[in-house]
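Right, one structure below, let's go through it.
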Amino acid sequence: MESRIQNPPSRRTAADQQPRAHGFAELGPKGAAGVRSQDKGVRSQESGDWTKKSGAGSQRAPARTFEDLIVWQKAHAWVLAVYRFTDVFPAKEVYSLTSQFRRSAVSIPANIAEGFKKAGVADKKRFMNIAQGSLEESRYYLILARDLGYGDTTLLIQNLEEISRLLNAYAKAIETPGF
């Protein structure tokens, strides 16, 4: 099933008619947002070890940019979903919860991107650790939004869990010799 973020009718653009490269986010009922999975498989993000979920054999396709990283793609899509979700927050939250939530969400893929080009293992790990911290901060904002009755956070939480697992695996892979 193809899913992508859709702008409200008043803000719909021609780009909405085309599939998006990183269009994993989907706005569900009552502001719930989700991230669909790509059926590409799992790969050691920078070394390029790629294993298909189905099919025979493995391929090596090294990530050339941070945009090639599955963890970044999913985190980016999640940020887009967070923006859609927070659009319906009360106006009184614009300078508080909405702003803080968006900043912590944006920090996840931003730190993955920044860490991608760092040469040393310690630098790479530091940026992944910052991304992990922002992920946990975002997790709290989801709990708060849910408890304040601002919308259904179920899919956002599930997708954040997937990103957390990918980010943890990526951070561990960085420590692997030959990465």
task = Could you grab me the full set of residues in the range 123-168 that are within 19 Å of Ala110 (Cβ to Cβ) and among the hydrophobic types (A, V, I, L, M, F, W, C)?
result = Phe127, Met128, Ile130, Ala131, Leu135, Leu142, Leu156, Leu160, Ile163, Leu166, Leu167
query = In the range 154-171, what count of residues is obtained for those that are in contact with a Phe, Trp or Tyr (Cβ under 8 Å, 6 or more places away or on another chain) and among the basic types (Lys, Arg)?
reply = 0
query = Within the range 158-172, can one find any residue that is touching an Asp or Glu at 6+ places or on another chain (Cβ under 8 Å), touching a residue at least 40 places away in the same chain (Cβ under 8 Å) and of a type in the set (A, V, I, L, M)?
reply = no
request  = May I ask you to verify whether Gly149 is farther than 22 Å from Glu175 by Cα and without any contact (Cβ under 8 Å) to a residue 60 or more places away in the chain?
outcome  = yes
request  = Please go through the range 138-148 and pick out each residue that is more than 14 Å from Thr86 (Cβ to Cβ) and over 14 Å from the mean Cα position of the chain (by Cα).
outcome  = Tyr140, Ile143, Asp147
request  = State all residues of the range 157-175 that are touching a Ser or Thr at 6+ places or on another chain (Cβ under 9 Å) and closer than 27 Å to Lys92 by Cα; if no residue qualifies, say none.
outcome  = Leu160
query = Looking only at residues in the range 165-179 that are touching a Lys or Arg at 6+ places or on another chain (Cβ under 8 Å) and crowded, with 17+ Cβ neighbours inside 10 Å, which one is nearest to Ala63 (Cα to Cα)?
reply = Ile174
remark   = Cβ pairs under 6 Å, 6+ apart or interchain, first in the range 124-143 and buried (at least 17 other Cβ atoms within 10 Å of the Cβ), second among the acidic types (Asp, Glu) and at pLDDT 95 or above, ordered by first then second residue, are Phe127/Glu114
request  = Given the conditions (1) in contact with a Ser or Thr (Cβ under 8 Å, 6 or more places away or on another chain); (2) surrounded by 15 or more Cβ atoms within 10 Å (Cβ to Cβ), report the number of the one that Glu114 does not fulfil.
outcome  = (1)
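The values are calculated or read from the model by the stated rules, or taken from the named source; none is laboratory data. What you are looking at is a predicted structure, and each value in this text was computed from that prediction instead of being measured. Virtual Cβ from ideal backbone geometry, glycine too; neighbours counted across all protein chains shown.
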